[in-house]
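Novice: This is the structure, below, for whatever I ask next.
Here, each number is a calculation from the coordinates, and none is a lab measurement. What you see is a predicted model, and the numbers here were worked out from it, not measured in a lab. All Cβ positions, glycine included, derive from the backbone under ideal geometry; neighbour counts span all protein chains shown.
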Amino acid sequence: MKIAFIGLGNMGGGMAANLVKAGHEVRAFDLSEAALAAAKEAGCETFDTAREACASAEAVVTMLPNGQIVKQVYWDDVIGHAPEGAVMLDCSTIDVETAREVIEVTEAHNYDMVDAPVSGGIAAANAGTLTFMVGGSEKAFERAKPILEAMGKAVIHAGDAGNGQAAKICNNMLLAIQMIGTAEAFAMAEKLGLDAQTFYDISSVSSGQCWSMTSYCPVPGVGPESPADRDYAPGFAAALMVKDLRLAIEAAEKAGAKTELGSHAKAIYEAFADEHGGLDFSGIIRTL
Ligand code: NAD
């Protein structure tokens, strides 16, 4: 397929390269010259504007920093410039409301569109092992699925437009709470004289077991290799966790959902990211 890809940063660069590897003709655009050069190296055709990249594309994938930019790119350069009937996939993490608005307007112009945010960081984007949580109509999902499968290991339909973003922020709010809890338990174990490896051996097969412990342990040298073993180089940067927690709490407030721990996790990560935004989010254990 001819696929326009807009936003070739840390995540989009690897994702676009995987579409090329799957045999697609990728028409790339980014504001950054360096990102465009890397995309060219990976086999993409590069363009000077998003509009040119979208012209003649059968599908458009966007992987952009935030909702405002997503809206601007769709309004200015995608809608009316990609051929009618093309399928659009926004893989950025953005607020639920904007995702729903962009899909509504796009579909009013005779395109199909999904929101398809991802779980998995830069390594998963490069390896083609992302998880996609997808919101949109059945028809849009079926059209987007084979494109997403070339970039990920799991593609899950979460329901109507915006539900991919809803799944993403609920998941990441849970992850933030779970990581803080895991870090507190290891820090407390140490203060009580319990060796970290011994606590891991017990808790990883007991009821406190969770992903933050057994797949991404915040203690160096314990569990499978994780950012803790690389001095908390990300991984998933604390600044990005703050972005997702802000989206989560904003959505919770609008929906009237009670998220006491989510709000507390947001405050804890905001304070941490003020000084250590570039560190992996598991580095929160350093504050304990
Ligand atoms: P990034 O900043 O590395 O990449 C964003 C790219 O978009 C940049 O190359 C930038 O030049 C480009 N861009 C900005 N405005 C543009 C415009 N108007 N037109 C064209 N290009 C434009 O960010 P990233 O880490 O790749 O993240 C992208 C999205 O993925 C974000 O929404 C982020 O929240 C989400 N995400 C990131 C991770 C991660 O680990 N990095 C994990 C999951 C989800």
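Novice: Just give me the residues in region 173-224 being closer than 24 Å to Ala248 by Cβ and of a type in the set (Asp, Glu), in sequence order.
Specialist: Glu184
Novice: Show the residue pairs that are 6+ apart or on different chains and have beta-carbon atoms under 9 Å apart, the first residue being within region 83-100 and of a type in the set (Lys, Arg), the second being not in a loop (DSSP other than H, G, I, E, B).
Specialist: Correct list of pairs: Arg100/Asp115; Arg100/Gly135; Arg100/Gln165.
Novice: Another question about this same structure. Give the number of residues within region 218-269 that are among the hydroxyl-bearing types (Ser, Thr, Tyr) and in a loop (DSSP other than H, G, I, E, B).
Specialist: We begin by selecting, within region 218-269, every residue among the hydroxyl-bearing types (Ser, Thr, Tyr); these are 226, 232, 259, 263, 269.
Now narrow it down to the ones that are in a loop (DSSP other than H, G, I, E, B): 226, 232, 259.
Number of matching residues: 3.
Novice: For region 83-140, give me each residue that is away from the ligand (no atom under 13 Å from the Cβ) and assigned to a loop (DSSP other than H, G, I, E, B).
Specialist: Those that are away from the ligand (no atom under 13 Å from the Cβ) and assigned to a loop (DSSP other than H, G, I, E, B): Pro83, Glu84, Gly85, Ala86, His109, Asn110, Tyr111, Gly128, Gly136, Ser137.
Novice: Restrict the check to region 27-38 and report whether at least one residue is more than 27 Å from Val105 (Cα to Cα), in contact with a Leu (Cβ under 6 Å, 6 or more places away or on another chain), assigned to a helix (DSSP H, G or I) and within 9 Å of the ligand (Cβ to nearest atom). Full working, then the answer.
Specialist: Step one: of region 27-38, the residues more than 27 Å from Val105 (Cα to Cα) are 32-38.
Among the residues that remain, those that are also in contact with a Leu (Cβ under 6 Å, 6 or more places away or on another chain) are: 35.
Right, trim to assigned to a helix (DSSP H, G or I) and you get 35.
Right, trim to within 9 Å of the ligand (Cβ to nearest atom) and you get 35.
Looking through region 27-38, at least one residue is more than 27 Å from Val105 (Cα to Cα), in contact with a Leu (Cβ under 6 Å, 6 or more places away or on another chain), assigned to a helix (DSSP H, G or I) and within 9 Å of the ligand (Cβ to nearest atom).
Novice: Let me ask you something else. Quick one: in region 146-169, of everything that is touching a residue at least 12 places away in the same chain (Cβ under 8 Å) and charged (D, E, K, R), which residue is nearest to Thr93 (Cα to Cα)? Write out each step before concluding.
Specialist: Here is the first cut: in region 146-169, the residues touching a residue at least 12 places away in the same chain (Cβ under 8 Å) are 147-148, 150-169.
Still in the running and charged (D, E, K, R): 153, 160, 168.
Working: Lys153: 18, Asp160: 16, Lys168: 8 Å.
Taking the candidates together, the pick is Lys168.
Novice: For region 252-281: of the residues being surrounded by 21 or more Cβ atoms within 10 Å (Cβ to Cβ), under 22 Å from Gln165 (Cβ atoms) and of a type in the set (A, V, I, L, M, F, W, C), which is nearest to the ligand (Cβ to nearest atom)?
Specialist: The residue in question is Phe281.
Novice: Working carefully through the options Ala176, Ala154, Ala238, find the one that is under 30 Å from Gly23 (Cβ atoms), among the hydrophobic types (A, V, I, L, M, F, W, C) and in contact with a Phe, Trp or Tyr (Cβ under 8 Å, 6 or more places away or on another chain). Write out each step before concluding.
Specialist: On the way: Ala176 fails: under 30 Å from Gly23 (Cβ atoms); Ala238 fails: under 30 Å from Gly23 (Cβ atoms).
Matching residue, one of Ala176, Ala154, Ala238: Ala154.
Novice: When Gly193 is evaluated against the numbered criteria (1) within 14 Å of the ligand (Cβ to nearest atom); (2) assigned to a loop (DSSP other than H, G, I, E, B), which criterion, by number, is the only one it fails?
Specialist: (1)
Novice: Further question on the same structure: Restricting attention to region 161-197, and to residues there that are of a type outside the set (S, T, N, Q) and in contact with a Gly (Cβ under 6 Å, 6 or more places away or on another chain), which single residue is farthest from Val219 (Cα to Cα)? Before you say what the answer is, go through the steps one by one.
Specialist: Let us first name the residues in region 161-197 that are of a type outside the set (S, T, N, Q), namely 161-162, 164, 166-170, 173-177, 179-181, 183-196.
Pick out the ones that are also in contact with a Gly (Cβ under 6 Å, 6 or more places away or on another chain) and you get 161-162, 164, 173.
On the way: Ala161: 39, Gly162: 36, Gly164: 31, Met173: 21 Å.
Ranking the candidates gives Ala161 first.
Novice: Out of the residues in region 39-77 that are more than 8 Å from the ligand (Cβ to nearest atom), closer than 23 Å to Gly120 by Cβ and part of a loop (DSSP other than H, G, I, E, B), state the one that is farthest from the chain's Cα centre (by Cα).
Specialist: Out of the qualifying residues, it is Gly43.
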